[in-house]
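Below is one structure, written out as structure tokens, with a few remarks after it.
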Amino acid sequence: MSLRLKRLELQGFKSFANRQVFDLADGLTAVIGPNGSGKSNLSEAVRWVLGEQSNLALRGRRGEDVIFAGSGGRAALGMAEVSLTLDNAGGALPVEWREVTLTRRIFRDGETQYLLNGGRVRLRDLLAVTAPSARATQ
């Protein structure tokens, strides 16, 4: 039972104002770059889409702090979205899909949405699919 990270998509999340797609079909060895290039934001995006609820763990005070706040040449955005696509061909997750995409969105008004393969779900449902304890009971 294997599970592989295939793709990470970010839009409006922290320093990623424009949609960025990281295709990891061949695997990932390391993320490198100079200070301030967004390396930590990538790991925080993964934690966030998997259901992280601690704003402090994401280096923020409020949920909306993950939304791109603007820059000298770019206005602040109204929403942040992260999608994580996993190859579930080995059946590691307790769903029948061979490819599973988890998505989380947050809007400036604080509304948060969770999606599993494009369908709206509750955080509880998303955690039931991804939490190690859920897989251990299967």
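Contact map, segment 18-46: first residue under 26 Å from MET79 (Cβ atoms) and among the acidic types (Asp, Glu), second residue open to solvent by 60 Å² or more (accessible area, probe 1.4 Å) and in a loop (DSSP other than H, G, I, E, B), Cβ cut-off under 8 Å, separation 6 or more or different chains; pairs are GLU44/ARG59. Selection over segment 10-27 of residues that are open to solvent by 80 Å² or more (accessible area, probe 1.4 Å) and either among the acidic types (Asp, Glu) or closer than 22 Å to GLY70 by Cβ (or both) gives a count of 4. Taken together, the residues in segment 33-64 that are more than 20 Å from LEU115 (Cβ to Cβ) and either of a type outside the set (A, V, I, L, M) or modelled with pLDDT under 85 (or both) amount to 16. Here ALA128 fulfils each of the conditions (1) open to solvent by 70 Å² or more (accessible area, probe 1.4 Å); (2) out of contact with any Ser or Thr (no Cβ under 8 Å at 6 or more places or on another chain); (3) not polar (S, T, N, Q) apart from (1). Residues in segment 40-98 that are open to solvent by 60 Å² or more (accessible area, probe 1.4 Å) and either basic (Lys, Arg) or within 25 Å of VAL129 (Cβ to Cβ) (or both): SER43, ARG47, LEU50, GLN53, ARG59, ARG61, ARG62, ARG74, GLU96, TRP97, ARG98. The residue pairs whose first member lies in segment 64-82 and is farther than 26 Å from THR101 by Cβ, whose second member is basic (Lys, Arg), and whose beta carbons are closer than 9 Å, counting only pairs six or more residues apart or on different chains, are ALA69/LYS14; ALA76/ARG108. When TRP48 is tested against (1) within 13 Å of PHE16 (Cα to Cα); (2) outside any loop (DSSP other than H, G, I, E, B); (3) of a type outside the set (Lys, Arg), only condition (1) is not met. Among the criteria (1) out of contact with any helix residue (DSSP H, G or I) (no Cβ under 7 Å at 6 or more places or on another chain); (2) under 19 Å from LEU10 (Cβ atoms); (3) not polar (S, T, N, Q), the one ASP109 does not fulfil is (2).
Only one of the numbered conditions (1) more than 18 Å from LEU8 (Cβ to Cβ); (2) in a loop (DSSP other than H, G, I, E, B); (3) in contact (Cβ under 8 Å) with a residue 24 or more places away in the chain is not met by GLY60, and that is (3).
Does ALA30 fit the bill of being modelled with pLDDT under 90 and surrounded by fewer than 17 Cβ atoms within 10 Å (Cβ to Cβ)? So that I can check it myself, show each step before the final result.
Working: modelled with pLDDT under 90: yes; surrounded by fewer than 17 Cβ atoms within 10 Å (Cβ to Cβ): yes.
So ALA30 passes the test.
The values are calculated or read from the model by the stated rules, or taken from the named source; none is laboratory data. Please read all numbers here as calculations on a predicted model, not as lab measurements. FYI the Cβ positions are ideal-geometry reconstructions off the backbone, even for glycines, and counts take in every protein chain you see. Surface accessibility is based on the protein's heavy atoms, side chains included, excluding ligands, DNA and RNA. Shrake-Rupley method; radii C 1.70, N 1.55, O 1.52, S 1.80 Å.
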